[in-house]
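Below is one structure, written out as structure tokens; the observations come after it.
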Amino acid sequence: MCGIFARIANEPVAPALIEGLRRLEYRGYDSAGIATIEQGGIERRCAVGKVDALEAVVRSGPPAGTIGIAHTRWATHGSPSERNAHPHVAPGLAIAHNGIIENHRELRHALSDRGARFRSETDSEVIPWLMHQHMANGVSAKDAMHRVGEELHGAFAIAAISENEPNVLRAYRRGSPLAVGFGEGGGVLASDPQALAGYATEAMILEDGDSAEITRDGVTLFNRTGERVQRQTLAVDPSVFACEDNPYAHHMLREIHEQPDVIARILGQYRVPADVLAMVPVDFRRVSRITLVACGTSYYAAALARRWFQEFARVPAEVAIASEFRYEAFAPPLPGELAIVISQSGETADTIGAMEVMRARGIPVIALVNQIGSTIAREADGTIPLLAGPEIGVASTKAFSAQLTVLAMLALAAGQRRNQPGIGQFHARLQKLGDMVTAALHNEPAVIAVAERIHNAHSMIYVGRGSLFPVAMEGALKLKEISYIHAEGFAAGELKHGPIALVDPQTPIIALVASGSLFEKSASNIREIAARNGRIILVGDRAALLSLSDVSTHSLTVPQGCDLLQPIVSTVPLQLLAYHVARLRGLDVDRPRNLAKSVTVE
Ligand code: F6R
């Protein structure tokens, strides 16, 4: 989604603004712009398309200002165009805005009646005009910012510069994330704390209703009543955007290969199941039902974990897509209900909405979140950090395996608390997960060979049974989002109820199998596909692959594990397959079209 970056320094800030926008590119956007103050006046440069296009515009007439704001826009109100690109201006002011202004129509009418002249179709343009009108009436810039914050409905983060105070950067937050920092060279703010890397070692996270005043001397935060406040700080990882140190061609490939380290970090931090329980105020002995809620890849992690909570903890569990769940009609909650929300970014608007619904119903919410300091992490009743480290590639990979590893620990912890048998044994098996993922990664040459055969396909089908069904869905999602090949994941047993009509020799079918109780059932489904000339690529352990070698055109081996480990390990070749197919198609793997890393609108 949109990104904000701003800087005040002792030297021209345009290069830093462009670099800042590059760091936010992974969030997804379709136009970009900057504004600085130069010789007392606002200077604005915008371009449609990538930051490269903006950089070319800036190079042809570099602004010399030492204070500036920058923005990458993911179009919501009005098409991607220079006119609609941020920053937006009113006389003497420029602002960059993330989020949605729900009451922009009413405000636009009222402001137009009072003389505002709008140039764009965006909701955001009401912000500089509101500020301008307050300031024209003698209100200070700081108070004008707070007043505007109160007048707007929706979720937003704003950065602003004003000709009235050419040495102050201002920011305001409600609902959309914003972090500020200060270092030797001056002050900085961004919608993603990691984007402060190199400019500040710590990021201060604004809370809802807070504003920030950043000068060359430091940062001051004010709460909604205008009093000075201190807020939570996060360490900024200086290496996260250091692409020159990345031996991999893309962030996504590096993140896939980081998975064994992520798993080791999680199992090192949460040594025994009780360690995850210590982070959340829940007594699983009293839990009567769990609802897991998330979106996209995080939803597939939830779908898998649902089975684990039932199997290991014997608690009824259900899973819901956040965007649907938040508008459902509900029966009265039962005593002992618990909600678990899962989010890499911690800023997904739909998941936040679902969380609010749960809390309004009096149901405690625990969150599994990668981005510490995010809205979900702050607002849940208890949060378990995923410890995956910053994930830059838009397609989620290491955050997914981190979600599954932490969810596995949590399900085992719940089982232990409920005195279920065999938990210690499963916990011991979990310790082997990192080595198994490493072994699956070693099979990358075989994955590349398959990708070379299928990367021109028009459509692909993924099938799996039991705990491999959510993995099939996740594999199909990974493929479609970065390769733009149509892909669907199905429960293997469901194929004969309709989707089998899609089977033809041109459509690769990625069939997930594992030795174990469901093997024979899966094998029958796969043979049904083979009987209809399906082009089958098997993913499974050696024994399972051997039994089906007569029907597969290719196979990808993963180590054999139990119901807890097999789905996590089986994800690895699917991530690699999506990556290599997209690479062979010459696509921008880390920044696929139309997508955003952090989906902060409904
Ligand atoms: C897919 C992907 C998305 C996210 C979804 C939820 O690779 O990244 O489907 O999983 O947008 O995002 P979070 O986990 O940040 O709530």
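The values are calculated or read from the model by the stated rules, or taken from the named source; none is laboratory data. The structure presented is a predicted model; accordingly, all values stated were derived computationally and were not measured. Cβ placement follows ideal geometry from the backbone for every residue including glycine, while neighbour counts extend to all protein chains displayed.
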Hey, can you tell me all the residues within the range 175-200 that are in a strand (DSSP E or B) and either polar (S, T, N, Q) or in contact (Cβ under 8 Å) with a residue 40 or more places away in the chain (or both)? 175, 179, 180, 181, 186, 187, 188, 189, 190
Scan the range 334-351 and tell me whether some residue there is free of Cβ contacts under 8 Å to residues at least 12 places away in the same chain and either under 18 Å from residue 193 (Cα atoms) or not acidic (Asp, Glu) (or both). no
Can you confirm whether residue 353 is farther than 22 Å from residue 471 by Cα, within 15 Å of the ligand (Cβ to nearest atom) and assigned to a loop (DSSP other than H, G, I, E, B)? no
I'd like to check something: does the range 460-479 contain any residue that is touching a Ser or Thr at 6+ places or on another chain (Cβ under 7 Å), assigned to a strand (DSSP E or B), outside the structural domain of residue 319 (by TED's automatic domain parsing) and at pLDDT 95 or above? yes
If you go through 529, 485, 509, 536, the only one that is on the phi < 0 side of the Ramachandran plot and within 16 Å of the ligand (Cβ to nearest atom) is 485
Look at residue 536 and say whether it is under 22 Å from residue 585 (Cα atoms) and under 30 Å from the mean Cα position of the chain (by Cα). no
Quick check on the range 318-332. Is at least one of its residues away from the ligand (no atom under 16 Å from the Cβ), under 30 Å from residue 425 (Cβ atoms), surrounded by fewer than 20 Cβ atoms within 10 Å (Cβ to Cβ) and assigned by TED's automatic domain parsing to the domain that holds residue 401? yes
Could you list, in sequence order, all residues of the range 54-63 that are exposed (fewer than 14 other Cβ atoms within 10 Å of the Cβ) and not in a loop (DSSP other than H, G, I, E, B)? 56, 59, 60
For the range 587-601, give me each residue that is acidic (Asp, Glu) and more than 12 Å from the ligand (Cβ to nearest atom). 588
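Here's the yes/no breakdown for (1) closer than 28 Å to residue 411 by Cα; (2) surrounded by 17 or more Cβ atoms within 10 Å (Cβ to Cβ); (3) small (Gly, Ala, Ser); (4) at pLDDT below 95:
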| position | (1), (2), (3), (4) |
| --- | --- |
| 518 | yes, yes, no, yes |
| 527 | no, no, no, no |
| 541 | yes, yes, no, no |
| 563 | yes, yes, no, yes |
| 575 | yes, yes, no, no |
| 578 | no, yes, yes, no |
Hey, residue 405 hits all of (1) more than 13 Å from the ligand (Cβ to nearest atom); (2) polar (S, T, N, Q); (3) outside any helix (DSSP H, G or I) but one; which does it fall short on? (3)
Enumerated helices (runs of 4 or more DSSP H) restricted to the range 208-313, each holding at least 2 residues that are away from the ligand (no atom under 16 Å from the Cβ), charged (D, E, K, R) and surrounded by fewer than 22 Cβ atoms within 10 Å (Cβ to Cβ): 259-269, 296-313
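One line per residue, one yes/no per condition, for (1) crowded, with 23+ Cβ neighbours inside 10 Å; (2) within 16 Å of the ligand (Cβ to nearest atom); (3) more than 18 Å from residue 340 (Cβ to Cβ); (4) not β-branched (Val, Ile, Thr):
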position	(1), (2), (3), (4)
385	no, yes, no, yes
390	no, yes, yes, yes
393	yes, yes, yes, yes
398	yes, yes, yes, yes
431	no, no, yes, yes
437	yes, no, yes, no
446	no, no, yes, yes
458	no, no, yes, yes
461	yes, no, yes, no
